[in-house]
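Each remark here refers to the structure printed beneath this line.
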Amino acid sequence: MPSDLTAVQLVLSADPELMGIVSLSLTVSLAAVACAALIGIPLGALIALTRFPGREACIVVLNALMGLPPVVVGLAVYLLLSRSGPLGSWGLLFTPQAMVIAQAILVTPIIAALARQTIEDLWVEYREELAAMNVGPLGRIATLIWDGRFSLTTALLAGFGRAAAEVGAVIIVGGNIDGFTRTMTTAIALETSKGDLPLAIGLGIVLIAIVIVVNALAWGARRAGERFSG
Amino acid sequence: MRAPLTDLPVAFEDVSLRIRDFTILDRVSLHLAPGAPTVLIGPNGSGKTTLLRVAMGLIEPTAGRVTWGGREHIPPQRRAIVFQRPAMLRRSTAANIEYALAQAGAMRSDWPAHVAELLGLVGLAGFEARPARRLSGGEQQRLALARALARDPEILFLDEPTASLDPAATKAIEDVIRTVAARGIKVVMSTHDLGEARRLAGEIVLLHRGHVVESGTAADFFAGPKTDAARRFIAGELLI
Ligand SMILES: Nc1ncnc2c1ncn2[C@@H]1O[C@H](COP(=O)(O)OP(=O)(O)OP(=O)(O)O)[C@@H](O)[C@H]1O
Ligand SMILES: [Mg+2]
């Protein structure tokens, strides 16, 4: 199939259009994961370490939000950022920033829920020892996050995988504008519908390669964690 | 100048702990003063672990009061405990001790010397880089003892410190306990081993169903137990 050959050639020759799309995708997804981590890890730690009415319900909701449909998040962010929406004056709709916001919303529950589980399991184990060592609240959180760092890294990578692979949210809030908001997934959707298969397949190859690398990193992080800290 | 505050003596005044319908500690009065180790003995479920946790300040009694050096509600700054099943931090053996040193405010430049000394004391020299959670049960028990000592405590609570150790390690830990006690640290420990109680105790507290059945100097206790329960316990009969 000639189209397959051209796809591979596109990838191997580091085609500028393809590279632009890949780098925008990575930038957007990494930025989204960074934002989600800054919110999700402290949020997970807070829910893990505190007891308040409605906590159980909160955990159930958080776990459910891990499966948020990207298009619904896209729609919600669209309504927020659209000209007549509450944040319309920011003028962010159809920009990479809007895509970061949408993906961050999508990924935050994943990171928060996984962080909550990790930190709470560790807390059950450490609680009395830390109390006996007279460790204050901030010290506890720092210790739990540090000792759970390998599992937390896995949570971040899971979030990244989700962000990089989704198409529904970015296509709605980014608009798939050529050279500006076109990501790997939106480009694949568009090029496939246009019949330009080489670019779509090339992007598909890159996307799968990235997912494999991310999973290899997750695996490596776990193994390193087991090796060095037991 | 700062007053020389001390956590000793630890005094229990009519301390009871009830959880739902269970009375776990029943009007316990105790005076843990500086001196030779106090050893808690009693059958399974008699409340030894619970008493140690209350004395450490980890659980609030539901009635009565506990004071440390005459003061109530004192955070465990000069106290340390080795739990029956200690939890190891997911770090190396040395880092587990360093964590306790940092928490106790030891100077970072002194850490390596402290770590070496403490690991040597409990017979774990050379184990520095091993992940603590990969150590055997007995090794973890000994690391937990070193970690507790890293806090430079006035009082050291030990919950069955030799329960999972082989005879040689038991002897080693008993030696550490004697050394520590000779340095002036008050040791309060529980054990199921009456031989160990005889070897280490200055004072014995016999618990049964959360109540102090008998307490006194070890010499008196073993020579002439006053209560029938104590006589039967020493004779190895089951207390029910
Ligand atoms: N949180 C709790 N809720 C209910 N019961 C409890 C709780 N903690 C302890 N108990 C009960 O209190 C009793 C005393 O327990 P504790 O662990 O102090 O006994 P122990 O003397 O240390 O026993 P062992 O020799 O087996 O270690 C037990 O019957 C135990 O089941
Ligand atoms: Mg016990």
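The values are calculated or read from the model by the stated rules, or taken from the named source; none is laboratory data. The structure presented is a predicted model; accordingly, all values stated were derived computationally and were not measured. Please note: Cβ atoms are built from the backbone with ideal geometry, for glycine as well, and neighbour counts cover all protein chains shown. Quick note on the areas: whole protein, heavy atoms, side chains included, nothing else; ligands and nucleic acids left out. Shrake-Rupley method; radii C 1.70, N 1.55, O 1.52, S 1.80 Å.
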Selection from the range B:162-178 of residues that are of a type outside the set (V, I, T) and touching an Asp or Glu at 6+ places or on another chain (Cβ under 9 Å): B:A163, B:A169, B:E174
Considering each residue of the range B:124-148, count those that are open to solvent by less than 20 Å² (accessible area, probe 1.4 Å) and either free of Cβ contacts under 8 Å to residues at least 12 places away in the same chain or under 20 Å from B:R183 (Cα atoms) (or both), and give that number. 6
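Mind checking which residues of the range B:25-65 are hydrophobic (A, V, I, L, M, F, W, C) and open to solvent by 10 Å² or more (accessible area, probe 1.4 Å)?
Filtering the range B:25-65 down to residues hydrophobic (A, V, I, L, M, F, W, C) leaves B:25, B:28, B:30, B:32-33, B:36, B:39-41, B:51-52, B:54-56, B:58-59, B:63.
B:L30, B:A33, B:A36, B:L58, B:I59, B:A63 - these are the residues of the range B:25-65 that are hydrophobic (A, V, I, L, M, F, W, C) and open to solvent by 10 Å² or more (accessible area, probe 1.4 Å).
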So for the range B:77-84 (the condition being more than 25 Å from B:T162 (Cβ to Cβ) and either surrounded by 20 or more Cβ atoms within 10 Å (Cβ to Cβ) or within 10 Å of chain A (Cβ to nearest Cβ) (or both)), does at least one residue qualify? yes
Hey, does the range B:157-167 have a residue that's more than 21 Å from the chain's Cα centre (by Cα) and touching a residue at least 24 places away in the same chain (Cβ under 8 Å)? no
Looking at the range B:103-123, can you tell me whether even one residue there is surrounded by fewer than 22 Cβ atoms within 10 Å (Cβ to Cβ) and at positive phi? yes
Could you check how many residues of the range B:138-175 are within 14 Å of another protein chain (Cβ to nearest Cβ) and over 30 Å from B:L8 (Cβ atoms)? 1
Residue set A:G136, A:G88; condition out of contact with any Gly (no Cβ under 9 Å at 6 or more places or on another chain) and away from chain B (no Cβ under 14 Å); output residue A:G88
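For the range B:1-23, indicate whether the set of residues that are more than 16 Å from ligand 2 (Cβ to nearest atom), under 17 Å from B:Q77 (Cβ atoms), within 14 Å of another protein chain (Cβ to nearest Cβ) and without any contact (Cβ under 8 Å) to a residue 60 or more places away in the chain is non-empty.
Taking the range B:1-23 as the starting set, the residues that turn out to be more than 16 Å from ligand 2 (Cβ to nearest atom) are B:1-16, B:18, B:20-21, B:23.
In the following step, the residues that additionally are under 17 Å from B:Q77 (Cβ atoms) were identified as B:2-10.
With within 14 Å of another protein chain (Cβ to nearest Cβ) added as a condition, the list becomes B:7.
From the residues that got through so far, the ones that are without any contact (Cβ under 8 Å) to a residue 60 or more places away in the chain too are none.
Within the range B:1-23, not a single residue is more than 16 Å from ligand 2 (Cβ to nearest atom), under 17 Å from B:Q77 (Cβ atoms), within 14 Å of another protein chain (Cβ to nearest Cβ) and without any contact (Cβ under 8 Å) to a residue 60 or more places away in the chain.
Tell me the helices (runs of 4 or more DSSP H) entirely within the range A:50-159 that contain at least 2 residues that are crowded, with 23+ Cβ neighbours inside 10 Å. Quick ask: steps written out before the conclusion?
Working: elements: A:55-65, A:70-81, A:96-132, A:137-147.
By residue number, A:70-81, A:96-132.
Condition check ((1) more than 26 Å from B:T50 (Cα to Cα); (2) part of a strand (DSSP E or B); (3) out of contact with any helix residue (DSSP H, G or I) (no Cβ under 7 Å at 6 or more places or on another chain)) across all residues:
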site: B:L118; (1), (2), (3): yes, no, no
site: B:A181; (1), (2), (3): no, no, yes
site: B:V205; (1), (2), (3): no, yes, yes
site: B:V213; (1), (2), (3): no, yes, no
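Step by step: first the residues of the range B:26-49, then only those that are assigned to a strand (DSSP E or B) and within 13 Å of ligand 2 (Cβ to nearest atom), then the one that is farthest from the other protein chains (Cβ to nearest Cβ). Which residue is that?
First, pick out the residues of the range B:26-49 that are assigned to a strand (DSSP E or B): B:26-32, B:38-41.
Right, trim to within 13 Å of ligand 2 (Cβ to nearest atom) and you get B:40-41.
Working: B:L40: 17, B:I41: 23 Å.
Going through the qualifying residues, I end up with B:I41.
Based on this model, can you work out whether B:R178 counts as open to solvent by 40 Å² or more (accessible area, probe 1.4 Å), within 12 Å of chain A (Cβ to nearest Cβ) and more than 16 Å from ligand 1 (Cβ to nearest atom)?
Numbers: open to solvent by 40 Å² or more (accessible area, probe 1.4 Å): yes; within 12 Å of chain A (Cβ to nearest Cβ): no; more than 16 Å from ligand 1 (Cβ to nearest atom): yes.
Criteria not met by B:R178.
Sort through B:L89, B:L101, B:L121, B:L52 and tell me the only one that's closer than 16 Å to B:A148 by Cβ and away from chain A (no Cβ under 14 Å). Spell out the reasoning first.
Values: B:L89 fails: away from chain A (no Cβ under 14 Å); B:L101 fails: away from chain A (no Cβ under 14 Å); B:L52 fails: away from chain A (no Cβ under 14 Å).
Exactly one of B:L89, B:L101, B:L121, B:L52 is closer than 16 Å to B:A148 by Cβ and away from chain A (no Cβ under 14 Å), namely B:L121.
Going residue by residue through the range A:119-130, is there one that turns out to be touching a Pro at 6+ places or on another chain (Cβ under 8 Å) and within 14 Å of chain B (Cβ to nearest Cβ)? Steps first, answer last, please.
Keep residues of the range A:119-130 that are touching a Pro at 6+ places or on another chain (Cβ under 8 Å), which gives A:129.
So of that shortlist, the ones also within 14 Å of chain B (Cβ to nearest Cβ) come out as A:129.
Yes: one or more hits.
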Tell me whether the range A:184-201 contains one or more residues that are more than 22 Å from A:Q97 (Cα to Cα), open to solvent by 50 Å² or more (accessible area, probe 1.4 Å), among the β-branched types (V, I, T) and away from chain B (no Cβ under 14 Å). yes
Here the residues within the range A:160-179 that are within 17 Å of A:A32 (Cα to Cα) and either surrounded by fewer than 21 Cβ atoms within 10 Å (Cβ to Cβ) or touching a His at 6+ places or on another chain (Cβ under 8 Å) (or both) are A:G161, A:A165, A:V167, A:G168
Looking at the range B:61-75, is at least one residue within 20 Å of B:P161 (Cβ to Cβ), out of contact with any Ser or Thr (no Cβ under 8 Å at 6 or more places or on another chain) and within 12 Å of chain A (Cβ to nearest Cβ)? no
So B:P75 ticks every box in (1) over 23 Å from B:F221 (Cβ atoms); (2) away from ligand 1 (no atom under 16 Å from the Cβ); (3) in contact with a Phe, Trp or Tyr (Cβ under 9 Å, 6 or more places away or on another chain) but one. Which box is left unticked? (3)
